[in-house]
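The values are calculated or read from the model by the stated rules, or taken from the named source; none is laboratory data. Keep in mind that what you see is a predicted model, and the values were worked out from it rather than measured. Positions of Cβ are backbone-derived with ideal geometry, glycine not excepted, and every protein chain shown enters the neighbour counts. Please note that ligands, DNA and RNA were not included when accessible areas were found on the heavy atoms of the full protein model with its side chains. Shrake-Rupley method; radii C 1.70, N 1.55, O 1.52, S 1.80 Å.
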Amino acid sequence: MVELTYRDALRQALYDAMIEDESIFIIGEEVGRYGGAYGVTKGLIDKFGPERLLDTPISEPAIIGTAIGAAMSGLRPVAELMYVDFIGMTMDQLGNQAAKIRYMFGGQIGVPLVLRTQGGAGRSAGAQHSQSLEAFIMHTPGLRLAMPATVSDAYHLLRQSLTKPDPVVFIEHKSLYSLKEDVDLSIEPLPWGKAAVRRHGSDIVIVTYSRQLQFVMQAAQALSKQNIEATVIDLRTLNPLDFDTIRKEVEKVGKVLVVSEAVLTSGVASELSARISEECFDYLTDPVVRVAGEDCPISVSADLEAGSIPSPKVIEETAKRLVM
Amino acid sequence: MNMTEIKLKHIHDARTNSRLEDLYRQMRRVRTFEERVGELFVRGQSAGSMLHLSIGEESAAVGVCSAMKEGDSFTTHHRGHGIFLSRGANPNLMMAEIAGKETGYCKGKGGSMHIADMGLGHLGANAIVGGGIPAVVGAGLAAKRGKTGAISVAFFGDGAMQQGILYESMNMAALWDLPVLFVCINNQYGMGTRIDQATKATNLHERAIALGLNGISVDGLNVETVQETAQKLTDDARVGKPGFLAVSCYRFFGHARMDKSPYRSEEEETEGRKRDPVLFARDNIIKEGVSDEVLDIIDQSISDEMDSAIDFAISSSPPPLSSMFRDVYGPNEPEPEPVQTRINRILARE
Ligand SMILES: Cc1ncc(C[n+]2csc(CCOP(=O)(O)OP(=O)(O)O)c2C)c(N)n1
Ligand SMILES: [Mg+2]
């Protein structure tokens, strides 16, 4: 076991993958000399050199487009988008190009790129640097989507992303980078596309992903002290989505809370709630309830920022009301 | 001596270059304001760590803004405190906004990177590199249609020179003969990337000329040169010949408050900080016969002004939770339903 941060684990994954596979290179703003805006790629340039850590101008659409062309030409790019909030700038390359190339061209070629980015609130970074935009990606067939919530998943999901035949959008959470865990990276990870049941309980199922897992686990502990036991599902990847695990757990319990940091309306939580309601209808004793981000931009002011996303307290209270 | 008295004294002082002194005073206000913002951060009283100080770049803000007129509009990048201040912003309201307080320009919702006052023609600071550039094309279009005589100025960094949207915007401004000026504050770095690591085409103004705009690069050391150059460009812009101005300067400190600039040498920084437009102006004023003492009095009054801005910010309250949904949409429009209200409604049904 070693103690690693989420940030270290990501760096380790890149390091190990780059040692194993020479076709992997990293391209993005400040990824090389600077070591990444959040320090994830720090030091990698010393090991792999500037050819495999390509510092770019501030030209997001061209960064993703370049990664697409490289991926179609035998390389395996890891493109870094500094903030997921900039995804709109790259959305043509990502949504119209990367996501559709395999299909439009009749399966002749795939685009095995990994787009690493980070999102989420928690650092008073304001309305244009704090969003959770995973629904944009999940709404685009052809793109895979991974959102690690733990240190060990930061490592394993990134390694697995780098073996996939299709574009993977890999969204880290800015408030998780300093999260520490004791991990043994040699333990066989869960397969790609499989959700993790982080906790078993018979009173309620809480489905979540990314940083909200931390909040949900805190809420679950508080609930446990009140004799309410929650099953907690961490989705890990949103595409593929492991609905089998959700179904299995929901059928046992019948009460479900879906928790997501992203704004409520038309979010990932909406899709999850709809599917659970449709597919597990006969097993539900109550409506599927979503606890999600408020339908408003995120303020720079810390109180408003915290108030606009789910908190452990709100998750706990809502779960309690659903169970009682 | 208060400010009015200082002004009066100098009107009577034949040797005083009052224009330079005014430019100096404005630059000193920017410098001191930014220093206080830095202190706010160190004391943990700013909202967040994303504070980008414009120390070293004062001549760009002051030089260009003093060539603008009332009624002109502008957008800025994330390092725009100095520009906003030079266009007449109230330091109290700015500092409060940077501290994330309700009394701030944007009610504490925007912060340093999203500060604005539409009343002063500030169409918004932006945290997206290049994000504020095209709006001046629209503002120019409106000014032209309304025959207002106003121009619109986009301020951005050298980093934005590699964003495609700049070229789309300059092309349209030229195509339609719009009263627009694009101002690149070339502080040599975009985060840790030096300009020559971002482009081979470092004669930035040539790109604008290629698109049919006036294009000039100017050294930012001397604010008077910046002011005069900007004046020519704004005069031209006002009659439908858009322009581009690159002001070269040096970003004295890290990209943001947390950045210690490990990617550049101390020698380089020492050299760079010698290119100090504030001290350069001060020296020139002294050469013209104004005493240090007079300038110290000006500096002191500015320091006091900025101290009160800090006091104002600190003594203000953060926006209340009840303001969460205000201004998502226009007044009297339906507001989004809070998640909690919605949950209460659903669970009460049972
Ligand atoms: C579209 C976009 N890409 C990247 C960033 C991250 N970022 C913020 S400031 C910055 C550097 C900008 O450099 P420059 O334009 O020269 O402005 P300066 O910071 O030097 O004032 C970068 C890369 C961003 N905010 N927006
Ligand atoms: Mg710059």
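Descriptive notes on the structure:
- In chain A, Rg over Rh equals 0.97, where Rg is the alpha-carbon radius of gyration and Rh the Kirkwood radius from pairwise Cα distances.
- Cα-derived Rg over Rh, computed across the stretch B:291-350 with Rh taken as Kirkwood radius: 1.45
- Bridgeable lysines around B:Lys109 (alpha carbons under 25 Å apart, same-chain partners fewer than 8 residues away excluded): A:Lys174, A:Lys313, B:Lys101.
- Cα shape, the stretch A:1-52, gyration tensor, a/c 1.5 rule: oblate
- Reciprocal of mean inverse Cα separation for the stretch A:33-181 (Kirkwood radius, Å): 15.8
- The stretch B:72-167: C-alpha gyration tensor shape, a/c 1.5 cut-off, then a/b vs b/c: oblate
- Peptide A:28-34 has a mean of 5 when you count, residue by residue, the C-beta atoms of other protein chains within 10 Å of its C-beta.
- Cα-centred dipole magnitude for the protein assembly as shown, charges only on beta-carbon of K, R (+1) and D, E (-1), debye, nearest 20: 840
- Computed from point charges on the beta carbon alone (+1 for Lys and Arg, -1 for Asp and Glu), the dipole magnitude for chain B about its Cα centre is near 940 Debye.
- Cβ-based charge dipole, the protein assembly as shown, positive-most Cα from B:Ser317, A:Ile109, B:Leu40: A:Ile109
- In the stretch B:234-301, the GluC sites (Glu not before Pro) that fall in loop regions by DSSP, at most 13 other Cβ within 10 Å: B:Glu288
- For the stretch B:105-150 versus the stretch A:10-37, the gap between their alpha-carbon centres in whole angstrom: 38
- For the stretch B:18-325, relative contact order (Cα pairs under 8 Å, six or more residues apart, normalised by length) works out to 24 percent.
- Residue pairs, from the table A:Lys248/A:Lys320; A:Lys225/A:Lys252; A:Lys180/A:Lys225; A:Lys100/A:Lys255; A:Lys100/A:Lys194; A:Lys225/A:Lys248, whose Cα atoms sit over 29 Å apart: A:Lys100/A:Lys255
- Solvent-free Debye scattering, log10 I(q)/I(0), computed from the Cα coordinates of the stretch B:100-152 at q = 0.14, 0.22 Å⁻¹: -0.44, -0.84
- Interface A:B - total buried accessible surface [probe 1.4 Å, Å², rounded to 100]: 3600
- Surface composition of the stretch A:78-215: carbon plus sulfur atoms hold 51% of the accessible area, using a 1.4 angstrom probe and ignoring ligands, DNA and RNA.
- Our note on the geometry: Cα centres of the stretch A:43-97 and the stretch A:188-227, 33 Å apart.
- Per-residue ellipticity at 222 nm from helix content only, as computed over the protein assembly as shown with -39500 (n - 2.57) for each DSSP H run of at least four residues, stands at -12000 deg cm²/dmol.
- On Cα atoms only, tilt of A:243-253 relative to the major axis of chain A in degrees: 10
- Space enclosed by the convex hull of the alpha-carbon atoms of the stretch B:98-250, per residue, Å³: 118
- Among B:Leu23, B:Gly192, B:Gly164 the positive-end extreme of the charge dipole of chain B (Cβ point charges): B:Gly164
- Using distinct alpha-carbon pairs, which all enter the 1/r mean, Kirkwood radius of the stretch A:196-323 in Å: 14.5
- Selection from A:Ser124, A:Leu44, A:Val259, by position along the positive dipole direction of chain A (Cβ): A:Val259
- Gap separating the Cα centres of the stretch B:273-350 and the stretch B:45-90, nearest whole Å: 12
- Scalar couplings 3J(HN,Hα) for the stretch A:122-131, obtained by applying the Karplus form with A = 6.51, B = -1.76, C = 1.60 to θ = phi - 60°, are x, 10, 6, 8, x, 5, 9, 9, 9, 7 Hz; x denotes Gly and Pro.
- Note on B:Lys144: lysines with a C-alpha under 23 Å away, same-chain residues under 8 apart excluded, are B:Lys69, B:Lys232, B:Lys241.
- Note on exposure: B:Ser73, B:Ser317, A:Ser186 ranked by accessible area (1.4 Å probe, complete protein assembly) read A:Ser186, B:Ser317, B:Ser73, with the most exposed listed first.
- Accessible carbon and sulfur surface of the stretch B:207-350 relative to its total accessible area, %, 1.4 Å: 53
- Cut-off of 10 Å, at most 11 other beta carbons, DSSP loop: longest stretch of chain A lacking such GluC sites (Glu not before Pro): A:52-324
- Scattering from the protein assembly as shown was approximated by placing one identical point on each alpha carbon and applying the Debye formula without solvent; log10 I(q)/I(0) at 0.06, 0.09, 0.11 1/Å stands at -0.38, -0.82, -1.16.
- Per-residue SASA remark: B:Arg282, around 30 Å² accessible (1.4 Å probe; ligands, DNA and RNA not included).
- Per residue Cα convex hull volume in Å³ - calculated over the stretch B:6-148: 128
- Shielding of B:106-113 by partner chains, average beta-carbon count, 10 Å: 6
- Accessible surface for the stretch A:196-323, divided over its residues, is 35 Å² per residue with a 1.4 Å probe.
- Each Lys and Arg adds +1 at its Cβ and each Asp and Glu adds -1 at its Cβ; summed about the Cα centre, chain A shows a dipole of about 120 debye.
- Residues whose amide H comes within less than 5 Å of that of A:Ile58, counting only those at least five positions distant or on another chain, are B:Gln162 (H built at 1.01 Å from N in the peptide plane).
- Of the two radii for the stretch B:18-325, the radius of gyration is 0.96 times the Kirkwood radius, both from the alpha carbons; that is the Rg over Rh value.
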